[in-house]
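K.L.:
Sharing a structure here in structure tokens format.
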Amino acid sequence: MVTVPRQQFVVRPGGSLSGRIRVPGDKSISHRSIMLGSIAEGTTRITGFLEGEDSLATLKAFRAMGVQIEGPDNGEVVVHGVGMHGLSAPDDSLDLGNSGTSMRLLSGLLAGQAFDVELVGDDSLTGRPMRRVTEPLMQMNARIETTEQGTAPLRIHGGQSLTGFDYDMPVASAQVKSCVLLAGLYASGQTCVHEPAPTRDHTERMLAGMGYPLERQDARACLHGGGRLQATGIDVPADISSAAFFLVGASIAPGSELLLEHVGINPTRTGVLGILQRMGADIEILDRREVGGEPVADLRVRSAPLHGIEIPEALVPLAIDEFPAIFVAAACASGRTVLTGAKELRVKESDRIQVMADGLQTLGIQAQPTLDGMVIEGGPMGGGRIDSHGDHRIAMSFAMAALRAADIITIDDCANVGTSFPGFVELATGTGLELE
Ligand code: S3P
């Protein structure tokens, strides 16, 4: 298991953000590029790959299963695909660190292999719910053991004949949807997933881009097992989830103007834009284009007075990773912001409702956690010491909060920022954040 050194951010209050930056590559697309590239036929060349610990955990897992992968070198990775049945048993457990996406998607992809494998992770990942993937997989005839609590380690027994089925997902989760579809590649007959609300569709887009027949209608995606994937080039756009910290930082800090280049604006990911714009943010979407089947644009953000809103529940799955940053925006807005329908936030890398409410209260903000969301009254923010609970997005959100705080904000346990955003400190200080 990886032991992560403790790291602290100390952020001086005030200032503004300016400049032109490209945040690192999209985490979701980076994971999938390695997974699908590995089981494709031919050579997949990836550019813009996220060299963060999470996507590197996926890369290492496939290397351990015999896939030859070159790089990453400045975001470039070359995956020599082994075909649908070319993976081999790893010598050891696969350690997926902090990465829920690796564990949930791999459990589906590995359920249909000929060999046994064990998936392990760090303390945070080991506490996260895995029955949401093991239950549907077992309905497909997979054999997987979890702890009694339904958590990792996951022991996946190979050599099972998976059968396709029709799955009505109880939670709007792209990880669960992707897991079932990846298992469906190895199942007999048809596998369909129905989602209660739209969730990110990178798996479906990439499967289609690699020539795998897939039917999509409204909230359902279906595929037949037994097909093949053809290698292709993949250009990973900048991650809108990483851009979100800068969208919020520049919105709340008077005098800011930032241009965020080449950001993925897949409509299943742009909830943060909709929410911030409803709050009065000044964000322009420039030079829309399509790169490798994913929409991309440059985003110009200027500071603007924000006001509180009731966040539409339909936007919740489309902004699911951005709420820590959105809560900071709400704390700096005039009036009340109400979030409901977001219980999922309690089972992310930390309980993001409780941890954010505690941190905002430390800074003097009235933030009332509820079962499935939060009520925040915008107001003046002081400084203080925040525990990020090892959650990368909590740490980066409170770093941005300092732009509007009256005093220094110290954030503990920040090493995991490297899971999704290597180089955050350099990029943030380069635009004007006073972070040590
Ligand atoms: C992800 C899906 C989301 C998100 C996670 C990445 C993915 O999880 O929170 O960071 O790549 O599929 P859920 O789909 O479980 O909400």
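K.L.:
Go over the candidates Ala395, Ala428 one by one and state the one that is touching a helix residue (DSSP H, G or I) at 6+ places or on another chain (Cβ under 6 Å) and under 28 Å from Ser102 (Cβ atoms).
P.N.:
Values: Ala428 fails: touching a helix residue (DSSP H, G or I) at 6+ places or on another chain (Cβ under 6 Å).
After ruling out the rest, the residue left standing is Ala395.
K.L.:
Of the residues in region 300-334, how many are surrounded by fewer than 23 Cβ atoms within 10 Å (Cβ to Cβ) and either among the hydrophobic types (A, V, I, L, M, F, W, C) or more than 16 Å from the ligand (Cβ to nearest atom) (or both)?
P.N.:
14
K.L.:
Could you run through region 17-52 and say how many residues are more than 12 Å from the ligand (Cβ to nearest atom) and touching a residue at least 60 places away in the same chain (Cβ under 8 Å)?
P.N.:
23
K.L.:
When residues of region 139-156 are filtered for being of a type in the set (Ser, Thr, Tyr) and open to solvent by less than 20 Å² (accessible area, probe 1.4 Å), how many remain?
P.N.:
1
K.L.:
Sort out which residues of region 253-276 are in contact with a Ser or Thr (Cβ under 8 Å, 6 or more places away or on another chain) and part of a strand (DSSP E or B), and write them in order of number.
P.N.:
Glu257, Leu258
K.L.:
Can you find a residue that is surrounded by fewer than 21 Cβ atoms within 10 Å (Cβ to Cβ), farther than 20 Å from Ile234 by Cα and more than 21 Å from the chain's Cα centre (by Cα) anywhere in region 170-185?
P.N.:
Within region 170-185, not a single residue is surrounded by fewer than 21 Cβ atoms within 10 Å (Cβ to Cβ), farther than 20 Å from Ile234 by Cα and more than 21 Å from the chain's Cα centre (by Cα).
K.L.:
Considering only region 220-252, how many residues are part of a strand (DSSP E or B) and within 19 Å of the chain's Cα centre (by Cα)? Talk me through it step by step, then tell me what you get.
P.N.:
Taking region 220-252 and keeping what is part of a strand (DSSP E or B), we get 220-224, 230, 234-235, 238.
Those still in the list that are within 19 Å of the chain's Cα centre (by Cα) too: 234-235, 238.
Final tally of qualifying residues: 3.
K.L.:
Return only the number of the condition from (1) open to solvent by 20 Å² or more (accessible area, probe 1.4 Å); (2) touching a residue at least 60 places away in the same chain (Cβ under 8 Å); (3) out of contact with any Ser or Thr (no Cβ under 7 Å at 6 or more places or on another chain); (4) within 22 Å of Ala304 (Cα to Cα) that Pro380 does not satisfy.
P.N.:
Of (1) open to solvent by 20 Å² or more (accessible area, probe 1.4 Å); (2) touching a residue at least 60 places away in the same chain (Cβ under 8 Å); (3) out of contact with any Ser or Thr (no Cβ under 7 Å at 6 or more places or on another chain); (4) within 22 Å of Ala304 (Cα to Cα), only one is false for Pro380: (2).
K.L.:
In region 32-54, which residues are farther than 13 Å from Gly75 by Cα, under 16 Å from the mean Cα position of the chain (by Cα) and of a type outside the set (Lys, Arg)?
P.N.:
Met35, Glu53, Asp54
K.L.:
Taking region 419-436 only, how many residues are open to solvent by 10 Å² or more (accessible area, probe 1.4 Å) and either within 23 Å of the chain's Cα centre (by Cα) or of a type in the set (A, V, I, L, M, F, W, C) (or both)?
P.N.:
Number satisfying all stated conditions: 6.
K.L.:
Determine, yes or no, whether Ser55 is under 26 Å from Arg155 (Cβ atoms) and among the hydroxyl-bearing types (Ser, Thr, Tyr). Outline the logic, then answer.
P.N.:
Values: under 26 Å from Arg155 (Cβ atoms): yes; among the hydroxyl-bearing types (Ser, Thr, Tyr): yes.
Answer is yes for this residue.
K.L.:
Where residues in region 335-352 are under 22 Å from Ser251 (Cβ atoms) and buried (at least 24 other Cβ atoms within 10 Å of the Cβ), which of them is farthest from the ligand (Cβ to nearest atom)? Steps first, answer last, please.
P.N.:
Filtering region 335-352 for residues under 22 Å from Ser251 (Cβ atoms) gives 335-339, 342, 345, 352.
Retained after the next criterion (residues that are buried (at least 24 other Cβ atoms within 10 Å of the Cβ)): 337, 339, 345, 352.
On the way: Thr337: 21, Leu339: 15, Leu345: 9, Arg352: 10 Å.
Across region 335-352, the extreme among qualifying residues is Thr337.
K.L.:
Of all the residues that make up region 401-418, how many are open to solvent by 30 Å² or more (accessible area, probe 1.4 Å) and in a loop (DSSP other than H, G, I, E, B)?
P.N.:
Selection size over region 401-418: 4.
K.L.:
Looking for something in a loop (DSSP other than H, G, I, E, B), within 16 Å of the ligand (Cβ to nearest atom) and open to solvent by less than 10 Å² (accessible area, probe 1.4 Å) - is there at least one such residue anywhere in region 100-120?
P.N.:
no
K.L.:
Give me the pairs: first residue in region 165-178 and more than 22 Å from Lys348 (Cα to Cα), second residue within 7 Å of the ligand (Cβ to nearest atom), beta-carbon distance under 9 Å, and six or more apart or on different chains, which are they?
P.N.:
Close Cβ pairs satisfying both conditions: Tyr167/Val176.
The values are calculated or read from the model by the stated rules, or taken from the named source; none is laboratory data. Values in this document were obtained by computation on a predicted structure and should not be read as measured data. Cβ: placed from backbone, ideal geometry, glycine included. Neighbour counts: every protein chain shown. To get the accessible areas, we keep the full protein, side chains included, count just its heavy atoms, and leave off ligands, DNA and RNA. Shrake-Rupley method; radii C 1.70, N 1.55, O 1.52, S 1.80 Å.
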